[in-house]
C-alpha cells in the first residue's frame, strides 16, 4: 500500500478491507464476520474475524465478493459464518459490542482488540500500517508499545507521511 493511498484513507477516515485491501467507503459498505466450528465435546471454536466489503465490488473489471462464502466454508471445514454490519461496531454501542465479544472469550483476544482499535481510534487504521514500517527502523518508538498508539503518535506519523508525499 503506497503512502498516498494511506494518506487518502486517513483523510477519508474509512477502513481497508481485510480481503481485497480496497477502501470501504462508508459505514454502510462494511461487514464484520468470523467463522464458528465445533471441535469435540460440543466445544465451539471461533476464528477468522475480519472487516470486509458488505457487497461484491468491482475490481479489475470483475465482481469480487470479499465476504466468506458460507457454502464453501461449511463444505470444507464444517464451519458456519457469523457476522454483523459494520455500523454495529462503531460508536459507544459498538464499543460495548466489542467488549461483550472480548468478555465472552469466543474470538481470539488479539483479533477483537485490533478490531476495536480500528473502529474506535481516530487515525489508527492508517497509522498502524505506517508504524509497522517505521518502528523497526527506529524512527518511532511507541510510548505504550507496538500496536498501541497515542493520538499524538498517530498525528505525528500521518504528518511525516504527508511530508514525504
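FYI, it's all coordinate maths here, none of it is from the lab. These numbers come from a predicted model, not from an experiment. Every residue, glycine among them, receives a Cβ derived from its backbone with ideal geometry; neighbour counts consider all protein chains shown.
What to note about this one:
- You can think of it this way: the chain between residue 102 and residue 144 has 13.1 nm of extra reach, that is 0.36 nm per residue less the Cα-Cα gap.
- Nearest 10 degrees, 0 to 90: helix 3-12 Cα axis against the chain principal axis: 70
- With a Förster radius of 35 Å applied to the C-beta separation of residue 110 and residue 55, the computed FRET efficiency comes to 0.80.
- Remark: relative contact order (the stretch 15-108) = 29 percent; criterion is Cα-Cα distance under 8 angstrom and separation of 6 or more residues.
- The label point for residue 133 and the one for residue 74, both projected 7 Å from the Cα toward the Cβ, are 4.3 nm apart.
- In plain terms, the residue of 158, 80 with the fewest other Cβ atoms within 10 Å comes first and the most crowded comes last, giving 80, 158.
- Considering only alpha-carbon pairs that sit under 8 angstrom and 6 or more positions apart, the relative contact order computed for the chain is 21 percent.
- Candidates 84, 143, 99, ranked by Gaussian network fluctuation over the chain, Cα under 10 Å, top entry: 143
- Sorted largest first, extent of the stretch 15-108 alpha carbons per principal axis (Å): 46, 36, 15
- Using a simple spin-label model with pseudo-atoms 7 Å out from Cα toward Cβ, residue 82 and residue 152 lie 4.1 nm apart.
- Working from label points 7 Å from Cα in the Cα-to-Cβ sense, the residue 163 to residue 62 distance is 4.2 nm.
- Straightening the chain between residue 38 and residue 20 buys 3.7 nm, computed as 0.36 nm per residue apart minus the Cα-Cα spacing.
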